[in-house]
Amino acid sequence: MWTGGGAAALGLSGEITGEGIVRLLEGRDPESELLIRRPGGKDSIAAFDLTFRTPKSVRDLRARRGELAAQPGRSGSLSGRCGEA
């Protein structure tokens, strides 16, 4: 699902498609394919891809205590926990 201030500013909503992500990274609107930013040079950055994961030692400790089975789905979205850029 499109989420965050950038998505809202571009009027994006609903499911994200692979084609939509490619177009967005190319500087184009994911739906209309219109140019929404000037192409950058070879050193320009279109996006950051971040992955957050609990360290294995913490997961092992929680598993031994039986907490992992009691809290399914903890790997979900971080938007409510980290805020949005």
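The values are calculated or read from the model by the stated rules, or taken from the named source; none is laboratory data. In this text, all values refer to a predicted model and were calculated from it rather than measured experimentally. Neighbour counts are summed over all protein chains in view; Cβ atoms, including those assigned to glycine, are modelled from backbone coordinates with ideal geometry.
A few comments on the model shown:
- Subset of the stretch 19-34 that is outside any loop (DSSP other than H, G, I, E, B) and among the aliphatic types (A, V, I, L, M) - its residue that is surrounded by the most Cβ atoms within 10 Å (Cβ to Cβ): Leu24
- Of all residues in the stretch 54-70 being at pLDDT below 80 and in a loop (DSSP other than H, G, I, E, B), the one that is farthest from Ala7 (Cα to Cα): Gly66
- Inspection of the stretch 10-18 finds no residue satisfying the criterion of being part of a loop (DSSP other than H, G, I, E, B), surrounded by 14 or more Cβ atoms within 10 Å (Cβ to Cβ) and in contact with a strand residue (DSSP E or B) (Cβ under 8 Å, 6 or more places away or on another chain).
- Candidate set from the stretch 35-69 (those that are among the hydrophobic types (A, V, I, L, M, F, W, C) and loosely packed, with under 10 Cβ neighbours inside 10 Å); member that is farthest from Gly11 (Cα to Cα): Ala69
- Ser75 vs. criteria at pLDDT below 55 and part of a loop (DSSP other than H, G, I, E, B): yes
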